[in-house]
Structure formats: structure tokens, C-alpha cells
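Q: This is the structure I want to talk about, given as C-alpha cells.
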Amino acid sequence: MMRPGSKQVIALAAVMLLTVPFISLAADSISRPDQLQWTDGPFSLPAGVKSAVLEGDPTKEGPFTLRLKFPDGYRIPPHWHSSPERVTVISGTFNLGQGEKADILKGMELPSGSFFLMDPKSAHYAWATGETVVQINGTGPWGINYVNPADDPRKK
């Protein structure tokens, strides 16, 4: 037979055991929007984009988190990636279309807060309405393959 209050003590002990490991964790990396280091590129995308790496290195094996900032009207021609692409729209409006030919009438408007997952080798294209920031989470090495090789800025 349990003494009065024993259930509360057991419940409190269980909560403490579950939360103490989380309380003791310290963040190894914190990125505040006002402290991001934006640079030109990546040069695999058309000129005008800015990027900030939050975690990892997109050019090497392993997980990475990358933010891209696009000016109003920025366009990315049809392309695909060899690994899954997980994209969250942080601000602005990111427009996404699927297929090997860009057709803005067939695209979908994705406002801030939107998320999409693009399967490997799935051809797609995009454009920004207003200054737009997206976050890409993936596993490197990350790369972009243009459907039309003439669209690849690395070859110009």
C-alpha cells in the first residue's frame, strides 16, 4: 500500500528524470538572424543570391543547414539534386514549379512558413516574389544539376 502523496512523488521523480538531460544540454551553435554572415553565391546558382551556412559544409559529406537570400524576381532554371532537398521558406514568397520546362503559370506560391521536400532527381524550378529567404536542410555533398546545361552559371 502506498502512503498518501506517493503517487505525486513518483510522478515528480519521473518528470525530473525526463527533463534533467534536456536542461543540462548547451547549444553548440546558435545563429541569430542579425548575426548571419551573408556571402555571394553559391556560384552554382545564378548571380544575385546570397548564402549563409548555419551548420556543416554543403560541399562535404554530412548534414548541413544553409540559408539562401534571393532578390525580388530572382529565378532558378529547371534543375534537380542527387539527394533529397528540404526547404523552409523563412521570409518572402518562394514560388515552385515542377518539370523540365519553366512555366510560371504552373508554379505554386509558397509564403513564409511553408515547407517542401523535393525527392532526388525530381526536376523543378523556382522564383522569388519580394526579397525571399529560404533554409535548406540536407546531406552533402549538395549539388545542383541543370536540365539545360546552358543554364549552368558555372559554365559561363
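Q: Give me the residue from segment 88-119 that is surrounded by 15 or more Cβ atoms within 10 Å (Cβ to Cβ) and touching a Leu at 6+ places or on another chain (Cβ under 8 Å) and, out of that set, farthest from Gly138 (Cα to Cα).
A: Gly107
Q: Take the residues of segment 28-66 that are loosely packed, with under 14 Cβ neighbours inside 10 Å and assigned to a strand (DSSP E or B): which is nearest to the chain's Cα centre (by Cα)?
A: Only one residue tops the list, namely Pro63.
Q: Residues to consider are Thr139, Thr132; find the one that is surrounded by 17 or more Cβ atoms within 10 Å (Cβ to Cβ), under 18 Å from the mean Cα position of the chain (by Cα) and at negative phi.
A: The unique qualifying residue is Thr132.
Q: How do the strands (runs of 3 or more DSSP E) wholly within segment 67-156 filter down when requiring 1 or more residues that are within 19 Å of Pro42 (Cβ to Cβ) and of a type outside the set (A, V, I, L, M, F, W, C): which remain?
A: Here the list reads 75-80, 85-98, 124-140.
Q: Moving on to the next point. For segment 67-87, enumerate the residues that are surrounded by fewer than 18 Cβ atoms within 10 Å (Cβ to Cβ) and over 19 Å from Lys50 (Cα atoms).
A: Ser82, Ser83, Pro84
Since every read-out is calculated from the coordinates, none of them should be taken as a lab result. As the structure is a computational prediction, the values presented were derived from the model and not from experiment. Because the Cβ atoms are built from the backbone with ideal geometry, glycine has one as well, and the counts that use them run over all protein chains shown.
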